[in-house]
Structures are given as structure tokens and as C-alpha cells.
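In what follows, a single structure is set out as C-alpha cells and then discussed.
Bear in mind these aren't lab numbers, they're just calculated from the coordinates by the rules spelled out. Since this is a predicted model, take the numbers as computed values, not measurements. Note: ideal-geometry Cβ built from the backbone for every residue, glycine included; neighbour counts use all protein chains shown.
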Amino acid sequence: MKLRSAHIAVITVVFVFGGIFISMILGVWRTESSKVPAAYTEGEFAGEYNPADIRGSYTFEDIEKAFNVPVEALAAAFGFEAQDNPGSTQAKIFEEIFGEIDGKEIGTDSVRLFVALYAGLPYTAEESTALPFRAVEVLTREGRIDGATADEIRQKHGVELGLDMMGPGAMETTGETAGAVDEPAGTDTHDEADEDTAIKGKTTFRDLMDWGLSEEEIEEVIGMPMGPANQAVRDFFIEQGIDFGSYKEELQRRLDEK
Amino acid sequence: MEKKKRRLSRKKVARIRTGVQIFFLVLIAVIAVNHTLSESGGGIPFIAEASLHAVCPFGGVVSIYQFATVGDFVKKTHESSFILMLIVFALAIAAGPVFCGWICPFGTVQEWIAKLGRKISGKRYNTFVPPRVDKVLRYLRYAVAAWVLYVTARSAQLIFADYDPYFALFNFWTGEVAVTAFIALAAVLLLSLFIERPFCKYACPYGAVLGIFNLFRIFGIRRNSVTCIDCKACDRACPMNITVSTADRVRDHQCISCLKCTSEQACPVPDTVELMTGRFAVSGLASAGSREVTS
């Protein structure tokens with residue numbers, strides 16, 4: 001049996017697009033992260049989406065769909081209400097726009113904390129996580145938290161956002177081009193060496209070991225056998241149904257001592 | 001008159017592959033541009049969120065270890081990469097690295113620059129590398145593939161993107177491309193003026209993986225030694241410098257299934273070099289044993 005160029009052309013197109021079509025029908029064709037967070041596996045909230053699994057790539061719209069937190073509330077909390085399309089704002093840009101304020105960081109974990117408080121879901125934020133005062137005001141105004149909780153959050157995580165941080169520059173950093181935009185002066189107090197070994201959502205066990213922690217040290221901190229070396233540490237904790245925050249602090253402390 | 005007709009027919013045959021190549025190149029370019037547009041809330045809805053990584057079948061290959069050990073994909077790759085990997089593997093089992101010769105936009109770009117190279121160097125084009133050196137360099141892409149698979153498995157991230165000229169070509173406007181990738185792109189484009197498909201021959205890790213399928217593909221390039229007139233037209237036509245004229249069946253790991261050597265295009269004798277299964281009707285009687293190119 002012989003095949004001609006015309007046959008190969010047809011076979012190629014049929015294989016490629018037929019394969020894609022079939023995988024679409026089967027519901028397995030995905031060109032982006034599912035944006036469906038993991039759910040609590042046990043306890044009172046079992047089955048509900050866990051804000052701990054909010055990733056930097058999630059937009060305000062994704063969060064609204066998963067947690068029923070309106071885009072308007074998120075935009076107001078983090079100072080994006082003046083943007084043309086606040087729904088497309090990704091959580092990961094916060095670190096780059098706001099960075100560190102008063103020793104605390106506004107980043108994806110701030111969004112997790114806000115969502116958890118707004119939706120009434122349990123979540124322990126990292127010690128270093130910041131939440132803008134305006135976010136606490138939104139939560140209070142909408143009756144999501146009581147006065148005592150608001151005071152506690154203000155004291156523990158509250159920071160003031162400068163107006164310059166929420167200006168038009170913030171819009172330009174939406175999406176993957178974020179790194180190309182100048183950050184507001186004085187907001188980033190990390191030094192480069194710290195950044196290199198800072199534990200983030202994508203940090204794997206292998207990274208921790210490459211940065212100087214032994215397997216035994218890691219397991220001593222987390223109190224159980226660690227996951228595969230190429231697994232993200234945060235994903236491991238979500239899988240185990242454990243809050244990443246407190247363990248992250250201790251792992252980071254051990255790394256910083258190295 | 002008949003000869004003229006035949007020449008036109010060969011041109012038309014060549015255009016079939018060119019048409020498919022252009023189609024996929026434009027498709028990938030549109031996806032890449034559209035991804036940038038979608039980041040700012042625009043873009044074409046049907047393909048709005050697909051990134052170049054999401055539609056790269058090699059992303060599936062480098063995710064195999066991650067998928068097997070952790071159950072997810074290397075960052076920036078998705079189910080789509082895995083599915084495309086399986087599709088391309090199926091094509092390769094059937095007819096070899098069809099992806100390289102018919103689909104890969106970076107291979108297409110190198111081929112187009114080769115046309116300019118031929119105008120500059122004439123018959124010397126694609127013969128600059130001494131055969132002994134070339135033969136060794138051809139295995140370099142396996143070292144690249146091994147390194148890429150290793151560092152990706154270790155880091156769970158697309159480390160190769162920082163060196164990938166293909167990624168640089170289709171993302172040069174995004175600010176995501178590393179300087180090293182731009183250097184690799186410039187080197188490949190420059191070398192393409194003297195060597196046909198230099199990246200495919202010497203450095204492409206995906207080409208290395210797909211090249212292995214040449215050893216056991218179902219439809220192979222076969223030469224009928226009885227009707228062959230030993231004119232070497234097939235050898236001269238091969239962009240990968242494979243010596244087709246001495247083989248009964250081409251099993252060279254560098255074949256890209258472009259069909260340029262076949263009786264449809266370069267070979268002047270009908271039914272002498274074909275992409276086929278089985279054997280030619282009379283070749284078995286004439287040949288004492290099977291000769292295969294397996295460099």
C-alpha cells in the first residue's frame with residue numbers, strides 16, 4: 001500500500017483536528033488551567049472550594065465563579081475599581097504592583113484571605129500576608145465580618161495602600177506583561193538573594209533541597225513524609241487538606257538560616 | 001509535451017506540503033498573537049486562552065515524568081499538550097516524523113530561509129559540514145533531548161523555553177523571551193543560509209524523540225532497486241542529507257517524511273521511491289538481502 005503527498009496532507013489534518021475534536025467531545029481538551037480550585041476534603045465545609053487553592057493565574061472573574069465573591073468587591077478591596085476591565089485582573093500581579101508594605105506582602109495570599117473572610121470559609125493566612133484597610137472596610141460594609149474580627153484583621157494583616165499604587169500603572173501590569181512595568185518606588189524591599197530562595201506557590205520540594213534543606217529537615221518541619229521532589233510544596237499541602245501558611249513560615253525560616 | 005505535464009504535476013505535489021506547512025504556521029502565529037491579545041481582555045473567543053506552550057506537543061513529552069509521579073503537568077503545559085503529543089506519536093507510528101516535515105512551523109521557516117541560501121551558495125548549499133563531523137553532530141540532539149527531559153523532570157518547569165528558538169520566534173514581542181533564546185534563534189536563522197534545517201538536524205529535542213519512530217514506522221520510504229537508475233536525485237533532494245539511493249528501506253533517524261525523495265517529486269522513475277508498506281513486487285527477487293539506511 002502506497003501513500004502519496006495528498007494522502008499525508010489529509011491524514012495529518014484529520015489526525016490533528018480529529019484528535020482535538022474527539023478530546024473536546026470527551027471533555028479532556030484543556031489549553032489552560034481548569035481554574036477550579038480544590039475542595040475541602042473533610043469537616044463542616046467538606047465539598048466546598050478551598051480558597052487556599054486560589055492560584056496567581058486566577059482572575060477576579062474566576063474567583064467570582066468559584067467563590068461567589070463579586071468582581072466589584074474584589075476590585076474595591078484591592079483598588080482596581082477604576083480599571084476598564086477589573087474582572088481580568090490576575091491575583092499574581094499584586095506582588096509585582098504592591099510588593100512589601102511595612103514588612104507585609106500583598107500577593108495571592110491576600111486574595112485568599114479576603115475571599116475566605118468574604119465567603120465565611122476557614123483559612124489561615126501566612127503571618128507576612130497583608131490586607132489593605134480598604135479590603136477590611138469592604139468586608140465590614142457588606143456585613144461579612146463583625147467589628148471584633150475587623151479589628152483583629154487590621155491589627156494582624158492591615159496595611160494602607162498608597163493611591164499611587166492603584167493608578168493607571170496597575171492596569172498595565174495585568175497579565176503576563178506585568179514584569180515589564182515599573183514598580184512603584186519603595187514598595188519592594190526584598191533583596192535579590194532573598195527572592196531567589198523565597199518559597200512561593202510554585203516552589204517544589206526539589207527547590208527546597210537545592211536551596212539547602214535536607215529531606216530530613218523538610219520532613220521534620222512538615223511532620224510527615226514529603227511528596228515527590230517535583231511536586232509543588234503548596235500543592236502537597238492542599239492535597240493533604242492542611243494549611244500551607246504556618247509550615248511555609250517555618251520552612252522559610254530554616255532556609256533563611258542557611 | 002508529456003514531460004512538461006509531468007513537471008507541472010510535481011510542482012503541484014510540492015505545493016500540497018507547502019500548503020499544509022503554511023496553514024500550520026499561520027495557525028500557530030495567530031494563536032501566539034491571540035494569546036497576547038487575550039491577556040489584555042481581547043482576542044478571538046474560540047482560541048482566546050491558548051498559549052504557545054499549550055499547543056506544543058513537546059510540552060506533553062516533557063510532562064510525562066511529572067504526570068507519572070505527581071499527576072499534573074509541568075507549569076504552563078496542559079492536557080492539550082498531552083493530547084497533541086499522542087496525536088503526533090500516532091502519526092509517527094504510521095508514517096514517521098510527519099510533524100517535522102509537514103507541521104512544525106519552525107521547520108517551515110528554516111526551509112524558507114534555505115531557499116535564499118540556495119540562491120547564495122548554489123549547489124554547495126547544505127554540503128558545508130564535512131560528513132564525518134556531520135555524522136557525529138547528528139547525535140547532539142539526543143543529548144539535548146536527554147538534558148531537557150532531565151532538567152524539566154527535576155524542576156517541573158519549562159527550562160528549555162529559555163533556549164528555545166521556536167519559542168523566541170513566536171513570542172519575540174511578549175517580553176517573556178530570554179536573551180539566550182534570541183541568540184539561539186539568530187544562530188539557527190543564520191545557519192539556515194548554509195545548512196538545511198540546522199536546528200532539526202543537530203539540536204531539536206522533539207525531532208530526536210520523533211526520529212526514533214523511523215526505526216519501526218508502518219509506512220516507510222522504500223526504494224525499488226530493480227527499477228532504480230542510480231541517478232542520486234533522491235539523495236540530492238533530501239533536506240536531511242540522507243542517502244536514499246543505496247537503501248531498500250530508509251530507517252535513518254533523521255528522516256522527516258517530507259516525501260521530497262519519492263517518485264512523486266525527485267525520483268524520475270515511477271514507482272521506484274515510495275512511502276509504502278510491504279515490498280515492491282519484483283524487488284524481492286532481485287535483491288539478495290534487504291539494505292537499509294540506518295545511520
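Structural remarks
- Dividing the C-alpha radius of gyration of chain A by 2.2 N^0.38 Å, with N its residue count, gives 1.18.
- Among A:Ile153, A:Ile106, B:Ile183, A:Ile11, the ranking by other beta carbons within 10 Å of each residue's beta carbon, starting with the fewest, stands as B:Ile183, A:Ile11, A:Ile153, A:Ile106.
- Residue-averaged beta-carbon neighbours from other chains (10 angstrom radius) around B:207-219: 1
- Amide H contacts under 5 Å for A:Gln90, placed H, 5+ residues apart: A:Gly175
- When each of the peptides B:125-137, B:199-211 is scored by the mean number of other C-beta atoms lying within 10 Å of its residues, the order from highest to lowest reads B:199-211, B:125-137.
- Lys-Lys pairs in chain A that are eight or more residues apart or on separate chains and whose Cα atoms lie under 14 Å of each other come to 7.
- Whole-number percent relative contact order across chain A, with pairs defined as alpha carbons under 8 Å at least 6 apart: 16 percent
- 10 Å beta-carbon shell around A:Ala76, net charge (K/R +1, D/E -1): -2
- Annotation: amide H of A:Thr204 within the under-5 Å range of A:Val233, sequence separation 5 or more or interchain, hydrogens built in the peptide plane.
- Per-residue average of Cβ from other chains inside 10 Å of B:13-26: 2
- Rounded tilt (10° steps) of B:79-95 against the dominant C-alpha axis of chain B: 10 degrees
- Residues A:Glu215, A:Glu95 arranged by fewest to most Cβ contacts within 10 Å: A:Glu215, A:Glu95
- Annotation: cysteines of chain B without a disulfide-compatible partner (Cβ-Cβ under 4.7 angstrom) are B:Cys56, B:Cys100, B:Cys104, B:Cys200, B:Cys204, B:Cys228, B:Cys231, B:Cys238, B:Cys255, B:Cys258, B:Cys267.
- Pairwise FRET efficiency - B:Arg154 versus A:Glu127, Cβ, R0 = 41 Å, nearest 0.05: 0.85
- Across the range B:2-213, Cα pairs under 8 Å and at least six residues apart give a relative contact order of 22 percent.
- Full extension of the chain between A:Asp146 and A:Glu249 gives 34.3 nm of extra length, using 0.36 nm per residue less the Cα-Cα distance.
- Tilt relative to chain B, helix B:57-69 - C-alpha long axis, 0 to 90 degrees, to 10: 60 degrees
- A Gaussian network model of chain A, with springs between Cα atoms under 10 Å, assigns the largest mean-square fluctuation among A:Ala150, A:Ala46, A:Ala38 to A:Ala46.
- Neighbouring partner chain Cβ atoms per residue of A:87-94, average, 10 Å criterion: 1
- Reachable lysines, given that their alpha-carbon falls under 20 Å from the alpha-carbon of B:Lys119 and they are not under 8 places away in the same chain: B:Lys11, B:Lys260
- Degrees separating the helix B:179-191 axis from the principal Cα axis of chain B, which is the longest one: 20 degrees
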